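Okay, structure first, notes after.
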Amino acid sequence: MKKCAPSPQLKPKKKKDSDAKNESPNRGKLIIDATCAPADITYPTDLGLLNKARVHTEKIIDILYKQIKDKANKKPRTYRNLARKDYLALAKQRRPTRKKRKQAIKKQLQYIKRNLGHIEQLIESGAGLESLNKKQYKTLLVITEVYRQQQWLFENNKQSIEDRIVSLSQPHIRPIVRVKAGKSVEFGAKLSASCFEGSVFLDRISWDNFNESGDLKAQVEAYHNFTGYYPESVHADRIYRTRENRAWCKEKGIRISGPPLGRPPANVSKEKKKQALEDEKTRQAIEGKFGQGKRRFSLNLVMTKLDNTSRTAIAITFLVMNLSTWWRRVFCVFLWGSGKTTPVFGFQIICAYISLNREAGKLISNSG
């Protein structure tokens, strides 16, 4: 029998030149950070929120009672004057004790419980909720949830609860805890944004507080989809520099700013110090964008009331910031082109400035 010839070993195929060209190297710098866009609400307190809820329940009782005024023998008692006196007795104190504040909250909870019971009795007697407009009906539902949350906080002696409502007119707003000087808690939408090449992009809007470090991968992938390549470096705050994010960036060939994890070395080279300083300077660009949006484009106080309109107003603010950056670049190119074609124009401005300074000096000398 003839022996079978050994099969030749398969050699790995080399990558084509076209495939090598498609694997573009990392380019550019991506800057990411998060901020808060405060909403236009009064600073919420438990006592103030309960007082507003009580006033709204009294108005709803008046509206429902008008429907069955002929059938009902007597209007339900709300003790509204006494309830307001109890509220003002504590609200006018500069520094009330915790015991007095808790007693005042207990009284307001009792008033609201009585009013909600009266509303149920009026509905059973024949009054319909159709007489309430859309806003009043929504406020009634919000008041019911506010009463449940505040009653649970009072009974369990707690300071926080999940999905806490801080405004009756804007129940979608949540407290956002921020480690900032002067503002430990802000009330509004939390934003996650990225910045590169002078433009800022809004990546996420949420009314609930979240850990922004989880958005790093999505922001880098969005940069890749927009430009066609991954960034050379990502400049972010300390909260983004988790082990998971560092390992993912290392896998993609991306350098993340900041010192490595672990104990800092005793001796740091001048190159690393210089690199850390440059990274910190680069990261300040997005802080400047946040400052520009809050100081010039009303991002520091969102005046809209609804959830969708507030999101739209915030998104338009970022759009206007990018448009202003684009127009500034166009204007600079125009001035550079006009100065290159007519260099006499700049010389005329300098001469006029010098002549004005001379005239001002003569006037000062004559007055002396």
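Just a few scattered comments:
- Boolean, Lys305 is modelled with pLDDT of 90 or more and either surrounded by 12 or more Cβ atoms within 10 Å (Cβ to Cβ) or assigned to a helix (DSSP H, G or I) (or both): yes
- Scan segment 96-119 for residues that are assigned to a helix (DSSP H, G or I) and hydroxyl-bearing (Ser, Thr, Tyr) and the total you get is 1.
- For Gly293: the one exception among (1) part of a helix (DSSP H, G or I); (2) in contact with a strand residue (DSSP E or B) (Cβ under 6 Å, 6 or more places away or on another chain): (2)
- For segment 171-202, filtered to residues that are surrounded by 16 or more Cβ atoms within 10 Å (Cβ to Cβ) and polar (S, T, N, Q), the residue that is nearest to Gln149 (Cα to Cα) is Ser192.
- Test result for Lys69, open to solvent by 30 Å² or more (accessible area, probe 1.4 Å), more than 36 Å from the chain's Cα centre (by Cα) and over 23 Å from Leu306 (Cα atoms): yes
- Put simply, of Lys71, Lys158, Lys75, Lys138 the only residue that is assigned to a helix (DSSP H, G or I) and either of a type outside the set (Ser, Thr, Tyr) or at pLDDT 95 or above (or both) is Lys138.
- Any chance Gln275 is open to solvent by 60 Å² or more (accessible area, probe 1.4 Å), among the polar types (S, T, N, Q), without any contact (Cβ under 8 Å) to a residue 12 or more places away in the chain and closer than 30 Å to Asp40 by Cα: no
- Residue check, Gly228 closer than 27 Å to Leu319 by Cα, over 25 Å from the mean Cα position of the chain (by Cα) and modelled with pLDDT under 95: yes
- Asn81 meets the stated requirement of being among the polar types (S, T, N, Q) and open to solvent by 100 Å² or more (accessible area, probe 1.4 Å).
- Scope segment 88-112; condition hydroxyl-bearing (Ser, Thr, Tyr) and modelled with pLDDT of 95 or more; matching residues: Tyr111
- Filtering Asn300, Asn267 for residues that are surrounded by 15 or more Cβ atoms within 10 Å (Cβ to Cβ) and either in contact (Cβ under 8 Å) with a residue 40 or more places away in the chain or out of contact with any Pro (no Cβ under 8 Å at 6 or more places or on another chain) (or both) leaves a single hit, Asn300.
- The selection criterion, being in contact with a Ser or Thr (Cβ under 8 Å, 6 or more places away or on another chain), open to solvent by 80 Å² or more (accessible area, probe 1.4 Å), free of Cβ contacts under 8 Å to residues at least 60 places away in the same chain and farther than 30 Å from Arg174 by Cα, holds for Arg255.
The values are calculated or read from the model by the stated rules, or taken from the named source; none is laboratory data. These figures come from a predicted structure and were not determined experimentally. Because the Cβ atoms are built from the backbone with ideal geometry, glycine has one as well, and the counts that use them run over all protein chains shown. SASA here: full protein model, heavy atoms, side chains in, ligands and nucleic acids out. Shrake-Rupley method; radii C 1.70, N 1.55, O 1.52, S 1.80 Å.
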